[in-house]
1. If each of ASP110 and TYR43 carries a label point 7 Å out from its Cα toward its Cβ, how far apart are those two points in nm?
2. Identify the residues of the stretch 180-200 with backbone N under 15 Å of a label point that sits 7 angstrom from the Cα of GLN150 along the Cα-to-Cβ direction, or state none.
3. Rolling a 1.4 angstrom probe over the protein heavy atoms, how many square angstrom per residue are accessible across the stretch 147-239?
4. What is the Rg over Rh value, at two decimals, for the chain, using alpha-carbon atoms and the Kirkwood definition of Rh?
5. How many percent of DSSP beta bridges within the chain run antiparallel, rounded to 5?
6. Considering every Cα-Cα pair within the stretch 49-102, what fraction, in whole percent, is farther apart than 14 Å?
7. To the nearest 0.05, how large is the calculated FRET efficiency for LEU223 and LYS140 if R₀ is 25 Å and r is the Cβ-Cβ distance?
8. Given a 1.4 Å probe and the protein chains all in place, what does the accessible area of PHE153 round to, in Å² to the nearest 10?
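The values are calculated or read from the model by the stated rules, or taken from the named source; none is laboratory data. Quick caveat, the model's predicted, so the values are computed rather than measured. Ideal geometry is used to build each Cβ from the backbone, glycine not excepted, and the neighbour counts take in all protein chains shown. Areas reflect the complete protein model, heavy atoms only, side chains present, ligands, DNA and RNA absent. Shrake-Rupley method; radii C 1.70, N 1.55, O 1.52, S 1.80 Å.
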Amino acid sequence: MKARGEKIAALTAYDFPMARLLDQAGIPLILVGDSLGMVVLGYADTTAVTMADVEHHTRAAARAKPTALLAADLPYRSYETVEDALKNAERLVAAGAEAVKAEGGRAILDQVKAIVKAGIPFLGHLGMLPQHVREEGGYKVKGKVESEKQALFEDADALAQAGAFGIVLELVTAPVAREVSLRIPIPTIGIGAGPDCDGQILVTPDLLGMLPWYSLKHVKPKLNAAEQMRAVVAEWKQNVERPQTSKAVSAPMKS
Ligand code: KIV
């Protein structure tokens with residue numbers, strides 16, 4: 001798609017109906033992200049997500065048999081060694097993933113090479129790395145200073161050379177994300193990284209306005225699903241609590 005100049009629209013899914021709906025809408029890349037920890041499981045960040053969690057949700061999404069590429073996240077601390085990375089990438093493939101994603105560049109290069117050598121397509125993730133949010137003390141934009149920019153370039157080059165098929169760029173300044181996109185042959189998929197990446201990815205519940213408890217600078221919800229759900233449920237509840245009389249219900253319709 002990058003070679004053809006086509007932008008890549010990617011979204012996350014954590015279960016069967018969402019994977020099926022995104023696939024039917026023509027989304028070419030669906031990610032079972034470890035964001036599931038926050039948007040499905042109610043954790044404060046992604047660091048509590050386990051392999052068992054990602055496997056469970058990957059199995060559910062894979063049952064939709066999407067024509068889209070289905071990628072799954074290797075969760076926090078599941079790829080600290082080459083052996084762990086390979087074993088856990090294989091577990092996600094066994095659960096139905098067609099590709100895996102992990103966070104980091106040169107720091108995890110041996111793991112990336114081993115995964116690629118095993119024939120498992122690998123998606124990189126650079127910029128703000130949510131699995132490191134605690135060490136970093138928050139979700140901070142990357143690429144503002146020269147050292148961060150150079151590190152991003154070197155990490156992106158290293159991942160591309162190691163055989164990654166794409167790189168998610170999260171919270172990277174727009175000019176730096178643009179430069180990374182121009183310098184590597186594989187697509188960049190941005191989230192909060194400006195308009196010039198080769199594609200964009202969002203956490204689907206953010207796009208649909210399902211989580212009214214927080215707002216993000218990089219997402220303008222296109223639906224107010226939370227509000228609509230609350231209204232429909234409240235109306236249904238009212239109807240259950242104050243049902244119509246049986247006379248009214250069974251009255252014959254006028255022709
Ligand atoms: O976990 C996730 O959903 C992600 C996306 C934000 C890219 O990594």
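1. In this crude spin-label approximation the distance works out to 2.5 nm.
2. So the set is empty, nothing qualifies.
3. Accessible area per residue: 53 Å².
4. My calculation puts Rg/Rh at 1.08.
5. Just about 5 percent of them are antiparallel.
6. Working: 630 of 1431 pairs.
Distances greater than 14 Å cover 44 percent of the Cα pairs.
7. Using R0 = 25 Å, I get an efficiency of 0.30.
8. Estimated to the nearest 10 Å², PHE153 gives 10 Å².
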